[in-house]
């Protein structure tokens, strides 16, 4: 009699009991555990990872019926204006099509978090998602999982962070190599105008685990090499390790510790040039902490300048290290373009015409600034 009664308990009751047990075990509220198990936003990365690992020993937590969806979005939870702009673009598409297309949205993970992304992709497969929009580093395991989903349920994948050789997948984003080459052309213009005042050994930060970064570096170095075949301009590559990016809160300090040693080895009376081909939280604070002077010339991607960019400002707080040239991807357009492509596929089975849908980046050059008053380069006035 008791055994028959146990079998009659609804799965929702079993799940609720399991959630409460897991929450008590971890010392976390049941609401937080529930949101994590349902892959909703509003849970910090470390807490989410701990809950998902523990949930593997509580299979009942995963028994709820999550239904189905047309579009499944995986977005990072980094504290970055870039991803917020991309989310806003996707939300605009959702708002205009909410009645016709079902979307599982705002699933938060770090950009480099294979374990959590694979957990989300498992849910996307269970929900029979017809299109997956993903912004994540595409590891071998993630690539294999996406390929399996595409084969098993005729799903389309839209990659917004980096291109990957995955069947039925399409990349929507900037042309990284071309952006790097354009930054090099602007560096060359600056160097040609003031060759004695500017270091001819630019420091280039690079990160091999990010394909966009390596492509930008390649575009930059190829362009510099082509322009100076007979001269000795040799960029200095500074390879960043993965551990620097593991904790966003400690990122400025971790980066400063690497750059401080590098700055000490490269002390010079010339103005130092740095090329940062990726968005880095707290980058300018890290340079200041590492000991780079205020007149350091920075060529950067996807960063917001610190302080006041107005060169007329006299406040010391506003005269810190600033980018001389900044390349910004149009993240909002990436988001709206991705949703439009997904909606076309859901409604009409229409695929994008090309494997890569390239969104032009925006370039801003600080043609005259407080730290570079002697460097009023005659280039287009495209100020911030």
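Would you tally the residues in the range 74-108 being under 17 Å from residue 245 (Cβ atoms), part of a strand (DSSP E or B) and modelled with pLDDT under 75? So the count comes out to 1. Note on the range 340-353: among residues that are without any contact (Cβ under 8 Å) to a residue 12 or more places away in the chain and surrounded by fewer than 13 Cβ atoms within 10 Å (Cβ to Cβ), the one that is farthest from residue 157 (Cα to Cα) is 348. If we scan the range 38-48, do we find a residue that is surrounded by fewer than 19 Cβ atoms within 10 Å (Cβ to Cβ), under 25 Å from residue 150 (Cα atoms) and either modelled with pLDDT under 85 or touching a strand residue (DSSP E or B) at 6+ places or on another chain (Cβ under 7 Å) (or both)? The answer is yes; a qualifying residue exists.
Suppose the filter is more than 23 Å from residue 206 (Cβ to Cβ), in a loop (DSSP other than H, G, I, E, B) and at pLDDT 90 or above; does residue 350 pass it? Yes.
Of all residues in the range 49-73, which are at pLDDT below 75 and either surrounded by fewer than 18 Cβ atoms within 10 Å (Cβ to Cβ) or outside any helix (DSSP H, G or I) (or both)? Result: 56, 57, 58, 59, 60, 62, 63, 64, 65, 66, 67. Only a single item in (1) at pLDDT 80 or above; (2) over 30 Å from residue 282 (Cα atoms) is not met by residue 17, and it is number (1).
The values are calculated or read from the model by the stated rules, or taken from the named source; none is laboratory data. Worth saying up front: this structure is predicted, and the values here are computed from it rather than measured. In this analysis, Cβ positions are derived from the backbone assuming ideal geometry, glycine residues included, and neighbour counts consider all displayed protein chains.
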